[in-house]
Amino acid sequence: MLTAPSYRSVEEPYLALLRLACDAQQHITARGNAAREVIGVSFRLPDPRQRLPYLASRRANPVFQYAEALWYLAGRRDLAMIGYYAPSMRFSSIDGINLGGSAYGHTLFNPPAGDHRSPFERVLELLRTEKDSKRGYLPVFSRAELAIKDNPDMACLAGLHLLVRDKRLHMVCHMRANDLDCGLLSDVFSFTMIQEYTATQLGLELGTYTHVIGSAHVNDHNTERVKKVLHEAKERLAPRCFPFPSMPSATTRGTITHVLHHEELLRTNTTHYSAADIARLGLAPYWQQPLLLFEVYRQIVHDKTKAVRPDVLQALHPGLRWLLEHRWPSCAAAGSKQ
Ligand code: 5HM
């Protein structure tokens, strides 16, 4: 097959790629990371909203996934925000203040030196004016990154290609490298959120999402977890399905700023919210969901709660609640039983 194979949700290619990498002959040791590698793979999601995996042994973190997607959409690169949700990202920062190449949103949504418009704005303008354009490419990897000695944070995302066909917005994502167990899931979550956000800005339907990887690998130190995930997938009767809702067409940059204003209040423990408080913030139900997740995380990090407040858990989308209960079984599951 010369086109990328299609899958119903990200969970299926995630599992298929883990199986492929576990059997791979190629063993690499780049920068001290021993891994099994497959060169040149791709897959397609005809419905990019099905961007979450429901595997108990994977324990995917929906709080981080929303935080990272919003951090990208806001064009940020600060550790203050993203390091709270993923402390290990602090090791990738040269100055302890900002991230480098992996701050993809900073590259996409801010004007580069010498320009007054961001690459994202320029591509939107192109797609609005040039029918069937093939030029809507957002480069992320920059040749300047090669010149940074011992660069701890070189972009893994080469670029995002946006194509409007028949009033639908398709995206092809090109990655130079992808850690199949750790990076792939959050990358697909965030890039499909960027795709859907772009579709809302252009007033288009969401098209397909295609993911292309140069070096697809599984690090040796993750082999045990990968085995558990593959065992679970083999033993269960059927995949779990929690269809993910559509992003409201009225979403704007202001919406992202509004969500992140409340995110910061929660992250800094300046406030705490009940589900009813979040419902009164003037945000669409769709955008209340990340704030419910951030409130849960605030209770876990700042209150050191043993049982997350049940009103907040009950207001969550059932798929997000399922993920929380498997990520933090003691406090999220205890809260939902109250
Ligand atoms: O040595 P190298 O720069 O390729 O190491 C980066 C590692 O992070 C690779 O395993 C890469 O696949 C993974 N990664 C990822 O999968 C990193 C980022 C951040 O740029 C990402 N996805 N978004």
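The values are calculated or read from the model by the stated rules, or taken from the named source; none is laboratory data. Since the model is a prediction, treat every value here as computed from it, not as a measurement. All Cβ positions, even for glycine, are placed from backbone atoms using ideal geometry, and neighbour counts span all protein chains on display. Each accessible area value is taken on the protein alone, full model and side chains, heavy atoms only, with ligands, DNA and RNA left out. Shrake-Rupley method; radii C 1.70, N 1.55, O 1.52, S 1.80 Å.
Within the range 253-335, what whole-number % of the accessible surface is contributed by carbon and sulfur, with the 1.4 Å probe and all protein chains included in the calculation?
In the range 253-335, the share of accessible area belonging to carbon and sulfur is 55 percent.
Do the sum for the chain: with -39,500 (n - 2.57) for every DSSP H run of n ≥ 4, divided by all residues, what is the mean residue ellipticity at 222 nm, to the nearest 500 deg cm²/dmol?
That comes out to -12000 deg cm²/dmol.
With an 8 Å cut-off on Cα pairs and a minimum separation of 6 or more residues, tell me the relative contact order of the range 253-335 in percent.
Relative contact order for the range 253-335 comes out at 26 percent.
Among the aspartates and glutamates, which have Cα under 19 Å from the Cα of residue 304 when same-chain residues fewer than 8 positions away are ignored?
Answer for residue 304, where 19 Å is the Cα cut-off: 263, 264, 295, 325, listed by chain and number.
Could you go through the range 187-203 in sequence order and give the Karplus-derived ³J(HN,Hα) for each residue, using 6.51 cos²θ - 1.76 cosθ + 1.60 with θ = phi - 60°, rounded to whole Hz, and x for Gly and Pro?
Result, ordered by residue: 5, 5, 4, 5, 5, 6, 5, 5, 4, 5, 4, 4, 4, 5, 5, 8, x Hz.
Given a 1.4 angstrom probe, what's the average accessible area per residue across the chain, in square angstrom?
Each residue of the chain exposes 46 Å² on average to a 1.4 Å probe.
Put +1 on the Cβ of each Lys and Arg and -1 on the Cβ of each Asp and Glu in the chain; which of 254, 57, 265 then has its Cα farthest toward the positive end of the dipole?
The residue sitting farthest along the positive end of the dipole is 57.
If I take every Cα pair under 8 Å that is 6 or more residues apart in the chain, average their sequence separation and divide by the length, what percent do I get for the relative contact order?
20 percent
What are the lysines whose alpha-carbon lies under 26 Å from the alpha-carbon of residue 134, with same-chain residues fewer than 8 places away excluded?
167
Using the Cα atoms of the chain to build a convex hull, what is its mean projected area in square nanometres?
Working: hull surface 72.1 nm².
Approximately 18.0 nm², given one-decimal rounding.
³J(HN,Hα) across the range 328-338 via Karplus (A = 6.51, B = -1.76, C = 1.60, θ = phi - 60°), whole Hz, x for Gly/Pro?
Once θ is set to phi - 60°, the couplings for the range 328-338 become 10, x, 5, 8, 6, 5, 4, x, 6, 8, 5 Hz.
Pairwise over distinct Cα atoms, reciprocal of the mean inverse distance: report the Kirkwood radius of the range 253-335 in Å, one decimal place.
That comes to 12.7 Å for the range 253-335.
Starting at the first residue of the range 168-182, write each ³J(HN,Hα) from the Karplus equation 6.51 cos²θ - 1.76 cosθ + 1.60 with θ = phi - 60°, in whole Hz, x for Gly and Pro.
10, 9, 9, 9, 10, 9, 10, 10, 5, 8, 8, 6, 5, 8, 9
For a quick protection proxy, order the peptides 305-311, 168-174 by their average other-Cβ count within 10 Å, most packed first. Display every interim value, and only then the final one.
Details: 305-311: 17.4, 168-174: 20.9.
Averaged packing, sorted descending, gives the order 168-174, 305-311.
Starting from the exponent 0.38 and prefactor 2.2 Å, build the expected Rg for the range 242-300 from its residue count and divide its actual Cα Rg by it. If you can, show how the numbers build up before the last one.
Values: Rg = 11.5 Å, N = 59, 2.2 N^0.38 = 10.4 Å.
Cα-based Rg divided by the globular estimate yields 1.11.
Compare the Cα positions of 182, 334, 98 along the charge dipole of the chain (+1 at Cβ of Lys, Arg; -1 at Cβ of Asp, Glu; about the Cα centre) and return the one farthest towards the positive end.
Going by the Cα projections, it comes out as 334.
For the range 1-117, what relative contact order do you get, as a whole percent, if you take Cα pairs closer than 8 Å and at least 6 residues apart? Don't skip to the end; give the middle numbers.
Values: 118 pairs, mean separation 24.2, N = 117.
Relative CO of the range 1-117 lands at 21 percent.
Compare the Cα positions of 282, 292, 324 along the charge dipole of the range 253-335 (+1 at Cβ of Lys, Arg; -1 at Cβ of Asp, Glu; about the Cα centre) and return the one farthest towards the positive end.
About the Cα centre, the residue reaching furthest to the positive side is 324.
If the cut-off is a Cα-Cα distance under 18 Å, which aspartates and glutamates reach residue 131, setting aside same-chain residues fewer than 8 apart in sequence?
121, 166, 205
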